[in-house]
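*Asks:* Got a structure here, written out as structure tokens. Questions coming.
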Amino acid sequence: MSDSESTAPEEDPPPPQGPGGFGGRRRFWSARRVPAGLVALLTLVVAGAFLYDVAAVRAHRSALGWRRELARQLAERPLDDIWVLTGAGVATVLGLWLLLLALTPGLRALLPMRPTDPHVRAGLHRDAAAMVLRDRALEVSGVRSARVRVKRRRADVRAVSHFREPDDVRADLAAVLDDAVRGLGLARPPSLSLRVRRPGRKGR
């Protein structure tokens with residue numbers, strides 16, 4: 001089995017400037033509705049429970065048992081108690097997670113495209129980009145099968161050739177896929193990482 005590898009240089013033509021002068025290179029921000037909904041629901045339940053208990057006390061009723069027990073535990077347990085440390089650790093992890101969600105864009109699978117209109121932003125899903133590149137790779141003579149994985153900055157292409165020399169197939173693939181990557185219209189075209197090999201003894 002003979003292998004041939006090549007990494008094509010990244011081509012990054014300057015796109016027209018979009019809103020804010022970023023040229024449409026910024027990633028799309030996720031709405032993160034599920035984490036936001038969970039935080040809002042938890043806040044509503046906790047705030048509602050405390051508000052109900054405070055209103056009950058103001059109405060000359062006794063405080064609920066869970067709040068009396070919570071106040072007692074907080075007053076009696078030392079700061080180095082295992083349960084206090086565990087609760088503080090859980091709260092810290094949740095807080096850092098929420099900060100991470102707030103400061104990062106998310107939607108890593110959506111690649112920004114070059115803007116053609118200053119008021120419109122377009123994106124291409126990685127799976128769709130990989131499918132386009134795979135279809136173009138299979139059009140090359142000598143390519144038996146191909147697997148493509150598109151990342152933010154690189155497209156990994158693994159092809160199997162069956163009746164042509166791997167070096168010849170690799171050269172044709174590099175030319176075809178370079179053109180295909182440019183045709184995707186991405187704001188930051190990924191570089192190509194290309195590998196061509198012969199099939200195994202059992203045809204794999």
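*Asks:* Is it the case, given these coordinates, that Ala175 is free of Cβ contacts under 8 Å to residues at least 12 places away in the same chain and not in a strand (DSSP E or B)? Before the answer, list the steps.
*Replies:* Working: free of Cβ contacts under 8 Å to residues at least 12 places away in the same chain: yes; not in a strand (DSSP E or B): yes.
So Ala175 fits the description; yes.
One line per residue, one yes/no per condition, for (1) of a type in the set (Val, Ile, Thr); (2) within 17 Å of Arg26 (Cβ to Cβ); (3) touching a strand residue (DSSP E or B) at 6+ places or on another chain (Cβ under 8 Å); (4) open to solvent by less than 20 Å² (accessible area, probe 1.4 Å):
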{"site": "Ala122", "(1), (2), (3), (4)": "no, yes, yes, no"}
{"site": "Ala129", "(1), (2), (3), (4)": "no, no, yes, yes"}
{"site": "Arg136", "(1), (2), (3), (4)": "no, no, no, no"}
{"site": "Glu165", "(1), (2), (3), (4)": "no, no, no, no"}
{"site": "Asp168", "(1), (2), (3), (4)": "no, no, no, no"}
{"site": "Asp172", "(1), (2), (3), (4)": "no, no, no, no"}
{"site": "Gly183", "(1), (2), (3), (4)": "no, no, no, no"}
{"site": "Leu192", "(1), (2), (3), (4)": "no, no, yes, yes"}
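*Asks:* The conditions are (1) closer than 30 Å to Ala36 by Cα; (2) touching a Gly at 6+ places or on another chain (Cβ under 8 Å); (3) of a type in the set (Ser, Thr, Tyr), and Ser161 fails exactly one of them. Which is it?
*Replies:* It fails just one condition, (1).
*Asks:* Taking into account only those residues within segment 194-204 that are open to solvent by 40 Å² or more (accessible area, probe 1.4 Å) and either of a type in the set (A, V, I, L, M, F, W, C) or in contact with a Pro (Cβ under 8 Å, 6 or more places away or on another chain) (or both), which is modelled with the lowest pLDDT?
*Replies:* At the first step, the residues of segment 194-204 found to be open to solvent by 40 Å² or more (accessible area, probe 1.4 Å) are 195, 197-198, 201-202, 204.
With the extra rule that they be either of a type in the set (A, V, I, L, M, F, W, C) or in contact with a Pro (Cβ under 8 Å, 6 or more places away or on another chain) (or both), the set shrinks to 197-198.
Details: Arg197: 91, Arg198: 88.
Here the answer is Arg198.
*Asks:* Given the conditions (1) under 30 Å from Arg33 (Cβ atoms); (2) exposed (fewer than 12 other Cβ atoms within 10 Å of the Cβ), report the number of the one that Arg114 does not fulfil.
*Replies:* Among (1) under 30 Å from Arg33 (Cβ atoms); (2) exposed (fewer than 12 other Cβ atoms within 10 Å of the Cβ), Arg114 violates only (2).
The values are calculated or read from the model by the stated rules, or taken from the named source; none is laboratory data. These numbers come from a predicted model, not from an experiment. Glycine gets a Cβ as well: all are built from the backbone with ideal geometry, and neighbour counts include every protein chain shown. The protein model used for the area step is the full one, side chains on, heavy atoms only, and it has no ligands, DNA or RNA in it. Shrake-Rupley method; radii C 1.70, N 1.55, O 1.52, S 1.80 Å.
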